[in-house]
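The values are calculated or read from the model by the stated rules, or taken from the named source; none is laboratory data. This one's a predicted model, so the numbers in the text were calculated from it and none came from an experiment. Positions of Cβ are backbone-derived with ideal geometry, glycine not excepted, and every protein chain shown enters the neighbour counts.
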């Protein structure tokens, strides 16, 4: 009996030792490796980019005037050309404004894009070898335009500006301000805003390093509020859908869900802007949109009436991508395209 008790105690001790959690410096090799894993941004430094000034950036207040390393043509070809045609057509000179670690192996880069029409911005995530995982374009991170572009009556102008704030490794916030004021282009003088609206859009970066829109919320309005409801609503909605992940398939679902809201809100207004924004959504990821169209054929597909109308000059672009689909999906969409006006 005594021998049996000793044996049982020995087994208990052995099991306890096997299941014990290492303490202090006794972490398992797997735990230690996870803790020690760091992102050295090697793919960027191999390109000769001095990233030290931009690795600690947490907030960009004025994207148009923020400084950062200017990319060479070769660096642009490696970093931004693979993001897709949607980005290439926007590209002018590019500054790298922020470099952020995501999880020790993936990197977020934030770019300012300067061209004749002003300043846009782009964000992209990359794996350790520099291959893009996802990208997002901010078409109007700083834009100023006349309310009456034909007459410039009263020098009345509207301005949209955006700020970005990084809140942790997998979250960031875009804060927008939209305002109307009197602006004198010859002197750059401007009046106090006649009205102004501020809102924010929060994004997460998911496990696939895709950008995911979590929330859009209006924050404040000042000035003549009754005069701006319609224009602000349209601007907020279109800004949201213009600032979307290139690769996240949920983007199309959100766009499809929004169309009935737009149709109801603007039932007495020309809805041609839906056609234009649908073309932009197509350019973001052409195969993604076509695959979605082929797999959503019921009454819940609110995009279909706009896609079915087609745009003559867009037909070659659509048909060029049909070969990337399976035969059944290709035949279905080709039938729709064949009905477009020639």
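At-a-glance table
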{"quantity": "Matching residues in region 92-113 - criterion: being under 18 Å from the mean Cα position of the chain (by Cα) and farther than 24 Å from residue 42 by Cβ", "calculated": "113"}
{"quantity": "Members of region 127-151 found to be under 14 Å from the mean Cα position of the chain (by Cα) and under 17 Å from residue 79 (Cβ atoms), listed by number", "calculated": "132, 133, 134, 135, 136, 137, 138"}
{"quantity": "Tabulated pairs, region 38-57, first at positive phi and touching a residue at least 12 places away in the same chain (Cβ under 8 Å), second surrounded by 11 or more Cβ atoms within 10 Å (Cβ to Cβ) and not in a loop (DSSP other than H, G, I, E, B), C-beta under 7 angstrom, 6+ apart or interchain", "calculated": "41/99; 41/107"}
{"quantity": "Selection within region 210-255 - within 26 Å of residue 290 (Cα to Cα) and in a strand (DSSP E or B)", "calculated": "211, 212, 213, 214"}
{"quantity": "Residue check for residue 175: free of Cβ contacts under 8 Å to residues at least 60 places away in the same chain, within 17 Å of residue 147 (Cα to Cα) and either over 21 Å from the mean Cα position of the chain (by Cα) or surrounded by 15 or more Cβ atoms within 10 Å (Cβ to Cβ) (or both)", "calculated": "no"}
{"quantity": "Residues that are surrounded by fewer than 19 Cβ atoms within 10 Å (Cβ to Cβ) and either in contact with a strand residue (DSSP E or B) (Cβ under 7 Å, 6 or more places away or on another chain) or modelled with pLDDT of 85 or more (or both), drawn from region 262-285", "calculated": "283"}
{"quantity": "Residue, farthest from residue 66 (Cα to Cα), within region 152-172, restricted to residues that are without any contact (Cβ under 8 Å) to a residue 12 or more places away in the chain and under 24 Å from the mean Cα position of the chain (by Cα)", "calculated": "168"}
{"quantity": "Scan of region 220-240 for residues that are under 18 Å from residue 303 (Cα atoms) and at pLDDT 85 or above, ordered by number", "calculated": "240"}
{"quantity": "Meets criteria (touching a strand residue (DSSP E or B) at 6+ places or on another chain (Cβ under 8 Å) and more than 22 Å from residue 175 (Cβ to Cβ)) for residue 43", "calculated": "yes"}
{"quantity": "Options 191, 186; residue that is modelled with pLDDT of 90 or more and surrounded by fewer than 17 Cβ atoms within 10 Å (Cβ to Cβ)", "calculated": "191"}
{"quantity": "Filtered residue count, region 296-326, keeping only those that are surrounded by 15 or more Cβ atoms within 10 Å (Cβ to Cβ) and closer than 18 Å to residue 338 by Cα", "calculated": "12"}
{"quantity": "Selection within region 23-73 - farther than 21 Å from residue 104 by Cα, modelled with pLDDT under 90 and not in a loop (DSSP other than H, G, I, E, B)", "calculated": "63, 64, 65"}
